[in-house]
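Trainee: Sharing a structure below in structure tokens format, with a few things to ask.
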Amino acid sequence: MLTFACGRQQAIADLGLSRGQTRRFAHCQVDGVWGQVWVKALAGNDFLFLFGNVGLAYMDQLYAKRWTIEQCFQNLKGRGFNLEATHLRCRHKLRKLVALVSLAYACCLSVGTLADQKLRPIARKNHGYRATSLSRHGLNVLRQLTRPSTCPDHPLARLVERLLDWLARQLLNLHLTKIVG
């Protein structure tokens, strides 16, 4: 329930928003707290509701950035990378593990992005969002490419090979003398 500065109250469902339509409200009260409100209508009478005290004009952009970071942490902690399952206690070894898992995540994200754009787009759900994340898509592609039945001339295999060549060149340019140990 939104409460406006004039005292008028209105439910989000009563805004009359059609799917994909957004509305912004400055200086509204929600649950006794004053702030900015951004609402987007989704499929099935669902809403994406953002509330905060940041600039109303870019609240959705900040949320998108924050959501990207949140997905990264979720993927690193579980969903194939399982960083939380480690039993390491040595701070130095944990730093190396986090660095290597982060590189693996970045590689999966890059492969997933390239595969989505150029070769195999990720299916969209009814609400318009991807069925799987870009990093999961990349991890699935890499898993498929490591199967013995995969042809090395497959377009995805060539794409991943180019990506790994680029990564190797980047690492060589950094003049890394010690990566593990």
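The values are calculated or read from the model by the stated rules, or taken from the named source; none is laboratory data. Owing to the predicted nature of the structure, the values given are computational and were not obtained by experimental measurement. Cβ sites come from the backbone with ideal geometry, for glycine too, and all protein chains shown count toward neighbours. Note: accessible area is taken over every heavy atom of the protein model, side chains too, but ligands, DNA and RNA are not part of it. Shrake-Rupley method; radii C 1.70, N 1.55, O 1.52, S 1.80 Å.
Trainee: Which numbered condition trips up Leu119, out of (1) modelled with pLDDT of 80 or more; (2) over 14 Å from the mean Cα position of the chain (by Cα)?
Mentor: Here Leu119 meets the rest and fails (1).
Trainee: Now for a separate question. Six or more apart or on different chains, Cβ atoms under 6 Å: show the pairs whose first residue is in segment 152-181 and open to solvent by 100 Å² or more (accessible area, probe 1.4 Å) and whose second is in a helix (DSSP H, G or I) and at pLDDT 70 or above.
Mentor: Once the first residue is open to solvent by 100 Å² or more (accessible area, probe 1.4 Å) and sits in segment 152-181, no partner that is in a helix (DSSP H, G or I) and at pLDDT 70 or above comes close enough.
Trainee: Right, next: Test of understanding: among Thr113, Thr132, which residue is part of a loop (DSSP other than H, G, I, E, B) and either over 15 Å from the mean Cα position of the chain (by Cα) or closer than 26 Å to Glu161 by Cα (or both)?
Mentor: Thr132 is the lone residue from the list that is part of a loop (DSSP other than H, G, I, E, B) and either over 15 Å from the mean Cα position of the chain (by Cα) or closer than 26 Å to Glu161 by Cα (or both).
Trainee: Condition first: touching a residue at least 24 places away in the same chain (Cβ under 8 Å) and open to solvent by less than 60 Å² (accessible area, probe 1.4 Å). Now tell me which residues in segment 47-63 satisfy that.
Mentor: If the condition is that a residue be touching a residue at least 24 places away in the same chain (Cβ under 8 Å) and open to solvent by less than 60 Å² (accessible area, probe 1.4 Å), then Leu56, Met59, Asp60 are the ones that fit.
Trainee: Tally up the residues in segment 73-99 that are without any contact (Cβ under 8 Å) to a residue 60 or more places away in the chain and in a helix (DSSP H, G or I), please.
Mentor: 15
Trainee: Would you point out which residue out of Gly16, Gly20 is open to solvent by 50 Å² or more (accessible area, probe 1.4 Å) and on the phi > 0 side of the Ramachandran plot?
Mentor: Gly16
Trainee: Return the pair list, or none, for Cβ contacts closer than 9 Å from residues in segment 4-31 that are touching a residue at least 40 places away in the same chain (Cβ under 8 Å) to residues that are open to solvent by 50 Å² or more (accessible area, probe 1.4 Å) and not small (Gly, Ala, Ser), at least 6 apart or on different chains.
Mentor: Close Cβ pairs satisfying both conditions: Gly20/Lys40.
Trainee: Continuing with this model, one more query. Could you list, in sequence order, all residues of segment 93-128 that are hydrophobic (A, V, I, L, M, F, W, C) and open to solvent by 70 Å² or more (accessible area, probe 1.4 Å)? Spell out how you get there, then give the answer.
Mentor: Taking segment 93-128 as the starting set, the residues that turn out to be hydrophobic (A, V, I, L, M, F, W, C) are 94, 97-101, 103-104, 106-109, 111, 114-115, 119, 122-123.
Once the filter is applied, which keeps residues that are hydrophobic (A, V, I, L, M, F, W, C) and open to solvent by 70 Å² or more (accessible area, probe 1.4 Å), segment 93-128 yields Leu100, Leu103, Leu119.
Trainee: Inside segment 32-46, can you point out the residues that are exposed (fewer than 15 other Cβ atoms within 10 Å of the Cβ) and modelled with pLDDT of 85 or more?
Mentor: Val33, Trp34
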